[in-house]
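Encoded as structure tokens, the structure appears first; notes follow it.
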Amino acid sequence: MPPIAKDILWKGIIEDLFADFLRFFYSNADSLFDIDRGFEFLDKELGQLYPGVDIQHSKFVDKLVKVYKKDGAEEWLLIHIEVQGYHDKLFTRRMFTYFYRILDRFNKEVASIAIFTDNDQNYQPDRYEYNSLDTFNIFRFKTYKIKGQDIAALEKSDNAFSIVVQTVLIALQKPDARPEDLLNLSVDLARRMFRKGFSKMKINCLLDFLKSYVYLDDKKMFLKFEIELDTLNNKINTMGIRELVTQLIEERGIEIGMEKGQEKAKATMITNLLLKTDLSLQQIAELAEVSIDFVIEVKNNLPSTTTIDK
């Protein structure tokens, strides 16, 4: 399966987790906005600002969202996410152009946010300046640079959008990291999100984003990751979040020892390979990095009604 374009992934995750998005970027979001009233994504209206440009399929991630304040007033937020990964001389002017066109056309308050997902920690423009003769203007907007964020603080956060940021941080390591390291980082992040106790809906959205955004090119690592996520997704559908969190803690060995947790995780992975692939026992042993005797033991412990021809 080919990787999904990152702009599409961003557009989806913002809509899926917009309440978390607001709370992540505005610490006083709950006192500012009537979040329970919901939001309206104004893609059609945003497209009207640039006739002839397909906003839905542009290489930029632009979202215009109508939110409500606590006093009942409407406010329109322009969320502009930079996913180019390189310096763009026209970026700040584009931010300014969107701002004044929205303000002029709809006569609503406009807040602009730029989120930079590139690997250059020094690239974070936050203003557009215009100076001609005696006419001078400075337009400043809110920015957030993912590169260089405090990992420990993100891991402590109970906001689901912190998982999105951590996902991007893993992806930024891709050019230099070994596939095994990317796999381990991704699996660890997936397990951490379960221990946060998010809703099934949020977990499914975050797992899809993680799998597609990091996208392991190495086929062996990709298969392992797919199996891990498939196992976690299956547990979502058969267990409550609280029970699942307890089991994951046990599997990771946090309370009863790492060795037992790792053995259970290996057994789960091997079970999925036995049931869902045509791989030989030797191939499964190599993928799981265990002895073939361990694979045979897992196979022999499967329910007697299960038929496996290897």
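No lab work stands behind these numbers, since they all come straight from the coordinates. Note that the coordinates shown come from a computational prediction; the quantities given were computed from them, not determined experimentally. Please note: Cβ atoms are built from the backbone with ideal geometry, for glycine as well, and neighbour counts cover all protein chains shown.
The table for this structure:
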read-out: Proxy reagent accessibility, fewest Cβ within 10 Å first, across Met193, Met95; value: Met193, Met95
read-out: By average C-beta atoms within 10 angstrom, highest first, the peptides 200-212, 264-276; value: 200-212, 264-276
read-out: Protection proxy ranking, peptides 217-227, 5-15, average beta carbon neighbours within 10 Å, highest first; value: 5-15, 217-227
read-out: Calculated from backbone phi, Karplus (6.51, -1.76, 1.60) coupling profile of the range 266-271 in Hz, x at Gly/Pro; value: 5, 4, 5, 4, 5, 4
read-out: Set of lysines with alpha-carbon distance to Lys200 below 21 Å, sequence-local pairs under 8 removed; value: Lys11, Lys156, Lys211, Lys235
read-out: Derived scalar couplings ³J(HN,Hα) [the range 128-134; Karplus, 6.51 cos²θ - 1.76 cosθ + 1.60; whole Hz; x for Gly, Pro]; value: 10, 10, 10, 9, 9, 6, 9
read-out: Proximal aspartates and glutamates relative to Lys219, as straight alpha-carbon distance under 13 Å, when same-chain residues fewer than 8 apart are discounted; value: Glu180
read-out: Proximal charge balance of Ile227 [Cβ under 12 Å; K/R count +1, D/E count -1]; value: +2
read-out: Relative contact order (%) - criterion: Cα under 8 Å, at least six apart; region: the range 6-148; value: 18 percent
read-out: Fewest-first ranking of Ser186, Ser31, Ser280, using other Cβ atoms within 10 Å as the exposure measure; value: Ser31, Ser280, Ser186
read-out: Cβ-based exposure ranking for Ser27, Ser112, in which fewest neighbours within 10 Å come first; value: Ser27, Ser112
